[in-house]
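To start, the structure itself, in structure tokens.
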Amino acid sequence: MRIEEIFIQNFAVIENLRLEFGPGLNVMTGETGAGKSIVLEALRFLFGEAEAPARYIRSKGRSVEAAARVCWDDNEKRLSNELQNSGVEPEQREILVRRIYDANTGRSRLMIDDKPVTLGALRRLARLALEVQIQGQSRELEEAPFAREFLDEWANLDDLREAYSASYQAWQESERLLTEHRTFIQEHANRLEFLEHQCREMAELPQNLEELERLEAEIPELLEQDKFIQTCRQLRQELGAIESALRARETSRRVLEARPDSSAAQGLDEELSACERSLEGAQGHLKELEQSIQWDPIKLEQMLHWRSKARGLMTKYRCSSPMELFALRQKLESERDRLVNQEIEKNNLEKNLDQWRRPARTQAKELSQKRSQAALKLGRWVTQALGSLGMEHALFEVEVSALENPLSSGQNEVRFWLTPNPGMSRRELRDIASGGEMSRLSLLLRAALLEKPMVSMARSGGRSWPVLLFDEVEQGLSVQAAILVGQKLKALGERYQIILVTHSPVIAAMALRHYALQKTVTHGETATTGLPLEAPWARQEEVLRLLGAKSDGERKKLLPYVEGLLKTRVAE
């Protein structure tokens with residue numbers, strides 16, 4: 001990743017500043033109070049690394065703004081993925097990051113390509129984009145996981161750690177499932193009998209909700225059919241009573257035989273005969289009506305039983321609808337089946353757990369061994385390099401200790417320790433107070449990634465190489481040590497973009513791009529301007545100033561040395 005330009009407004013002594021940076025080593029120089037470190041602080045504010053700069057507000061009632069145009073290469077997939085996760089999908093590999101702090105409301109607006117983003121999104125981007133080594137504010141070395149992550153990267157153990165991490169995650173998930181299953185069995189040891197009873201009750205229902213709803217729709221029609229059949233039966237009974245009354249016709253025949261010449265007897269016999277024929281006709285019609293109805297009293301009884309059962313179970317189990325009742329049945333049956341098959345499932349889960357636990361432990365052991373071996377080599381390398389940077393009595397140690405319980409990163413805790421001078425107690429690296437020591441150590445560790453042969457340079461694919469921000473890394477060093485620091489910075493510049501504040505003429509001369517920050521006072525207000533030193537004479541003038549040349553005689557005497565420094569940079 002690379003910062004192409006930065007824009008800063010109303011930030012401390014900076015009223016309006018625009019700087020362009022190139023690849024490799026970029027330096028900013030200037031007299032004390034010109035705002036060099038303020039530029040780095042503004043970058044930290046922009047990427048969410050610093051708090052809202054109320055103390056940096058230049059003028060009351062005005063807003064503070066910092067912005068940067070950032071670009072990256074095709075192979076930096078992690079940075080592209082992070083932007084996509086934040087909802088930003090630029091057409092090209094270039095974005096404009098802005099943060100504006102409103103002094104009146106005390107709130108910030110954060111944007112990428114004018115799209116609002118969260119502070120968390122900017123901070124995640126910063127973790128991929130920036131590595132800060134500002135006096136008293138060295139972020140990376142102060143973070144607990146840094147030592148382990150750096151050791152793994154230096155020793156080329158990232159692939160092994162990622163393989164272990166995948167096994168570990170699968171192991172933990174298998175263990176979680178097994179623990180959950182055992183807890184379930186323990187909590188439901190006496191529940192199976194009760195579940196069996198509940199499932200037997202539910203078994204009296206139709207097979208599914210659709211069948212019950214169909215039966216519910218058919219019941220009214222069946223009830224109407226039943227009512228009609230009952231009416232016909234009642235009519236049949238009544239017709240039977242009439243038929244019994246018509247048995248008097250036999251008696252009327254004897255009356256007719258006794259008085260054959262009686263017209264009254266003949267009329268009585270005819271009327272009774274007509275009634276008999278009408279009754280037979282009525283019974284025929286009634287039989288035809290009954291046969292037209294497909295009446296199934298057993299089916300109706302079954303359907304009424306199901307409805308009654310369903311309604312009773314809904315009341316019993318407090319279900320508001322048949323759908324809820326059938327969902328409950330499915331849940332009860334599933335729970336019952338799980339308890340019935342608990343041993344089979346437990347055995348399968350135990351086998352799956354062992355399948356992942358064994359390789360994870362093997363990989364963790366291998367990772368621990370390789371970390372311990374690499375720790376000794378890294379400690380010796382950094383200790384030797386510290387001697388060339390003015391810390392010849394310092395001792396750097398890498399401690400790899402075993403954890404009682406493994407983590408996704410392995411079964412080790414890695415710590416960096418520094419003993420600045422003999423007789424002094426060693427201190428963990430993240431607790432070191434000196435900003436100069438911290439910056440130099442960060443520089444050496446980055447250089448270690450470039451110089452250690454065991455590091456596979458091909459592994460950089462998909463990785464985002466951060467921008468390195470350094471503030472006066474040469475502090476407290478001799479001229480010879482500053483030269484060595486400058487050489488290491490140049491080497492780092494082959495892979496990283498470095499933005500550096502320095503007072504060292506040697507380091508400034510080695511930069512590919514050089515800005516001189518100057519402060520001016522107008523109407524009682526101080527303002528900072530940044531001048532790009534592109535012409536050779538401009539670079540010479542600034543390096544001479546850094547060397548302390550004031551008089552013409554001093555300048556003339558030091559000029560050949562300065563020209564030599566700048567020619568060496570060009571030749572290299």
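The values are calculated or read from the model by the stated rules, or taken from the named source; none is laboratory data. Bear in mind that the values here come from a model prediction, so they are computed numbers and not experimental data. Here Cβ is always computed from backbone atoms with ideal geometry, including for glycine, and neighbour counts include all displayed protein chains. Protein only, heavy atoms only, side chains kept; ligands, DNA and RNA dropped before computing areas. Shrake-Rupley method; radii C 1.70, N 1.55, O 1.52, S 1.80 Å.
Here are the numbers for this structure:
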read-out: Accessible area of Glu541 in the full protein assembly, 1.4 Å probe (Å², nearest 10); value: 70 Å²
read-out: Projected-area average for segment 508-571 over all orientations - Cα convex hull basis, square nanometres; value: 5.0 nm²
read-out: Selection from Val400, Gln411, Trp381 lying farthest towards where the dipole of segment 320-420 points positive, charges on Cβ; value: Trp381
read-out: Rounded, prolate or oblate (a/c below 1.5 giving rounded, otherwise prolate when a/b exceeds b/c) for segment 1-50 by Cα gyration tensor; value: oblate
read-out: Cβ-Cβ FRET estimate between Asn190 and Ala163, R0 fixed at 41 Å, reported to 0.05; value: 0.40
read-out: Probe 1.4 Å, protein heavy atoms only - accessible area per residue of segment 66-131 in square angstrom; value: 55 Å²
read-out: With DNA, RNA and ligands ignored, accessible area of Lys309 (1.4 Å probe; Å², nearest 10); value: 50 Å²
read-out: Extension gain from Ser478 to Leu289, taking 0.36 nm per residue of separation minus the Cα-Cα distance; value: 55.9 nm
read-out: FRET efficiency estimate (nearest 0.05) - Cβ-Cβ, Ala491 to Lys77, R0 30 angstrom; value: 0.75
read-out: Spin-label model distance (nm) - Met314 vs Ser278, 7 Å beyond Cα toward Cβ; value: 5.1 nm
read-out: Greater than 25 Å apart at Cα, pairs in Lys519/Lys550; Lys77/Lys377; Lys490/Lys567; Lys488/Lys567; Lys36/Lys550; value: Lys77/Lys377
read-out: Computed over segment 496-572: relative contact order in percent, which uses C-alpha pairs under 8 Å that are six or more apart; value: 30 percent
read-out: Using a Förster distance of 25 Å, the FRET efficiency for Glu89-Glu20 (Cβ separation, nearest 0.05); value: 0.45
read-out: Distance (nanometres) between label positions extended 7 Å along Cα→Cβ at Ser334 and Ser408; value: 2.8 nm
